[in-house]
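The values are calculated or read from the model by the stated rules, or taken from the named source; none is laboratory data. Model, not experiment: these values are computed from the prediction. So basically every Cβ, Gly included, is an ideal-geometry build from the backbone, and we count neighbours across all protein chains shown. Surface accessibility is based on the protein's heavy atoms, side chains included, excluding ligands, DNA and RNA. Shrake-Rupley method; radii C 1.70, N 1.55, O 1.52, S 1.80 Å.
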There are 2 protein chains.
Amino acid sequence: MLLNQLTIVGVGLIGASLGLAARRLGFARRVVGLGRNPASLEQAARIGAIDQGCLHGSEAVAGADFVVVCTPVDLIARQVLELSKDCKPGTLFTDAGSTKSLIVKAIETGSPSNAHFVGGHPLAGSEKKGPEHADATLFRNRWTVLTPTPRTNPEALAKVREFWESLGSHVRIMTPEAHDATLALTSHLPHLVASALAGLLPASAFDLAATGFRDTTRVAAGDPALWSAIFQHNREALLASLGATERRLADFRNALESSDWNRVQDLLAQGKKVRDALGS
Amino acid sequence: MLLNQLTIVGVGLIGASLGLAARRLGFARRVVGLGRNPASLEQAARIGAIDQGCLHGSEAVAGADFVVVCTPVDLIARQVLELSKDCKPGTLFTDAGSTKSLIVKAIETGSPSNAHFVGGHPLAGSEKKGPEHADATLFRNRWTVLTPTPRTNPEALAKVREFWESLGSHVRIMTPEAHDATLALTSHLPHLVASALAGLLPASAFDLAATGFRDTTRVAAGDPALWSAIFQHNREALLASLGATERRLADFRNALESSDWNRVQDLLAQGKKVRDALGS
């Protein structure tokens, strides 16, 4: 794969890591970063994640053949639709948003005339933010979900798949709805639960929160505004997952209240079986 | 601190790590391991965690001046009471159990005549088991809680404190009840919640469970029998913590159902504040 110009919208952890990887692997002649914050663009350029930073969308996409939008989920659809007005006909757009249904629907409804859009979500990242944590290997051996619809251009899908595979990622194709239902359970729900647990801890107990507590609540350090937007985008699937969690906690409560230790051990064994299967 | 003979009851991860550290630091002339499984004792001896393995309690404690009981919480009190019949007068006993109230009460009720017992809990360990994961630095810079009562011998407490400090641990003194209430929140509840989350994941979603899910559920790989015993020992405090969690999840549910995104963001911010304060 060789791109003439890769444009990355949003040079946070994901965007800067993409740029770093693309430049190191040499599959884009030029990497342009689009952002609102000059300091972030400068930092992304300094660490070698982009060749050039732009504050204006029209300038950033005019020469692009491939655009990846790595901004918060509530901005992505609008940005794709706006930027598509200034790009060359046939420019490929994809994104790295943690939710897919609303984004894909909004973009398909807007029918960008010049752009081919394929929804995407690399399952990589961390509770850290900003280009200073960029890592060229962030996507290697991780899954990236692509969410084409009947309206998706098959060649665009093939190119976007090739893009992520070039970064070392495994690609999984799902509908936007299946993506959101699964990620509600594997990502959005754990974030909510971790945050709930962390929020319960009084300062007097901080010293006695050891590795177990730290692991279980690690993701709660994520940005509340980002995650609130993700929850908003995936509200129904998240509520369904939350309901399943509440029922399972009630199972534990009933077993504890009735001192049914076989049942407690059985519930713990079910959790262990899954966790062991996942590996480290 | 120099001990003539340190006896470790149970040479799993905690017991073998203790032995390894004590032998490396040279503060026990001799380290004896007591266990039921000859293979574990042999492995503990092979990795240098103990000088000698014993299958019989009377043999293991006859020459001991310091005994640390590192077995599951449901065995500790009985073992201390039994072993105290065969030890020299004045032998110090402590334990590494994850709960304290029931253990301390049972031992004080049994009034071992030869032994001085001080309840203890090093906040170290992991979801791993067995001497093969022993680590001489496991306790370094970790907290160890000691739970004396009005009946505890002050010199015994001072010696047990010195023991843990010699291993690099920070010591915190609490009542058994305060220990159990705090650990319900910092350790037992996260285990229950992690297990509940893990148990919800269908096999079809395993590939899409990334770092966040893995961190949040890591402790669920712990031994169900061990943890069921811990839950049994700390049932009331755990139920209280579970209730607090259920109420907080209901707060999230209400905010999501009413699309109150300021409230969602506020709840997430409360969790982030705590998690940031804990550090990595």
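Below are the figures for this structure:
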{"quantity": "Answer from B:Thr182, B:Thr149, B:Thr137 - the residue that is part of a loop (DSSP other than H, G, I, E, B), open to solvent by 10 Å² or more (accessible area, probe 1.4 Å), without any contact (Cβ under 8 Å) to a residue 60 or more places away in the chain and in contact with a helix residue (DSSP H, G or I) (Cβ under 9 Å, 6 or more places away or on another chain)", "calculated": "B:Thr149"}
{"quantity": "Filter result for the condition that a residue is closer than 20 Å to B:Leu192 by Cα, without any contact (Cβ under 8 Å) to a residue 40 or more places away in the chain and open to solvent by less than 40 Å² (accessible area, probe 1.4 Å), over B:Arg247, B:Arg275", "calculated": "B:Arg275"}
{"quantity": "Odd one out for A:Asp86 among (1) open to solvent by less than 40 Å² (accessible area, probe 1.4 Å); (2) over 24 Å from A:Arg142 (Cα atoms)", "calculated": "(1)"}
{"quantity": "Output for segment B:78-119, where each listed residue is assigned to a loop (DSSP other than H, G, I, E, B), farther than 28 Å from B:Leu189 by Cα and in contact with a helix residue (DSSP H, G or I) (Cβ under 6 Å, 6 or more places away or on another chain)", "calculated": "B:Asp86, B:Cys87, B:Pro112"}
{"quantity": "Options B:Pro190, B:Pro154; residue that is surrounded by fewer than 16 Cβ atoms within 10 Å (Cβ to Cβ) and either more than 18 Å from the chain's Cα centre (by Cα) or closer than 30 Å to A:Leu192 by Cβ (or both)", "calculated": "B:Pro154"}
{"quantity": "Given (1) open to solvent by 30 Å² or more (accessible area, probe 1.4 Å); (2) outside any helix (DSSP H, G or I), number of the condition A:Gly168 does not satisfy", "calculated": "(1)"}
{"quantity": "Cβ pairs under 8 Å, 6+ apart, first in segment B:73-95 and under 17 Å from B:Leu146 (Cα atoms), second surrounded by 23 or more Cβ atoms within 10 Å (Cβ to Cβ) and of a type in the set (D, E, K, R)", "calculated": "B:Ile76/B:Asp95; B:Val80/B:Asp95"}
{"quantity": "Residue list for segment A:251-280, restricted to those being under 31 Å from the mean Cα position of the chain (by Cα) and more than 7 Å from chain B (Cβ to nearest Cβ)", "calculated": "A:Lys273, A:Gly279, A:Ser280"}
{"quantity": "Condition check for A:Leu197: surrounded by fewer than 24 Cβ atoms within 10 Å (Cβ to Cβ) and in a helix (DSSP H, G or I)", "calculated": "no"}
{"quantity": "Condition met for A:Ala115 (open to solvent by less than 20 Å² (accessible area, probe 1.4 Å), among the hydrophobic types (A, V, I, L, M, F, W, C), in contact with a Ser or Thr (Cβ under 7 Å, 6 or more places away or on another chain) and touching a residue at least 12 places away in the same chain (Cβ under 8 Å))", "calculated": "yes"}
{"quantity": "Residues that are more than 11 Å from B:Leu242 (Cβ to Cβ) and either within 7 Å of another protein chain (Cβ to nearest Cβ) or of a type in the set (Phe, Trp, Tyr) (or both), drawn from segment A:234-250", "calculated": "A:Arg235, A:Leu238, A:Leu239, A:Leu242, A:Ala244, A:Thr245, A:Glu246, A:Arg248"}
{"quantity": "Answer residue from segment B:200-220, given it is crowded, with 22+ Cβ neighbours inside 10 Å and not small (Gly, Ala, Ser) and is farthest from A:Met174 (Cα to Cα) among those", "calculated": "B:Val219"}
{"quantity": "Tabulated pairs, segment B:185-209, first more than 7 Å from chain A (Cβ to nearest Cβ), second open to solvent by 30 Å² or more (accessible area, probe 1.4 Å), C-beta under 7 angstrom, 6+ apart or interchain", "calculated": "none"}
{"quantity": "Where a residue in segment A:216-233 is more than 7 Å from chain B (Cβ to nearest Cβ) and closer than 16 Å to A:Asp180 by Cβ and its partner, wherever it lies, is assigned to a loop (DSSP other than H, G, I, E, B) and open to solvent by 20 Å² or more (accessible area, probe 1.4 Å), with Cβ under 7 Å and at least six apart", "calculated": "A:Ala229/A:Pro72; A:Ile230/A:Ser98"}
{"quantity": "Filtered residue count, segment A:250-272, keeping only those that are at positive phi and open to solvent by less than 20 Å² (accessible area, probe 1.4 Å)", "calculated": "0"}
{"quantity": "Any hit, segment B:124-131, residues being outside any loop (DSSP other than H, G, I, E, B), open to solvent by less than 70 Å² (accessible area, probe 1.4 Å) and at pLDDT below 95", "calculated": "yes"}
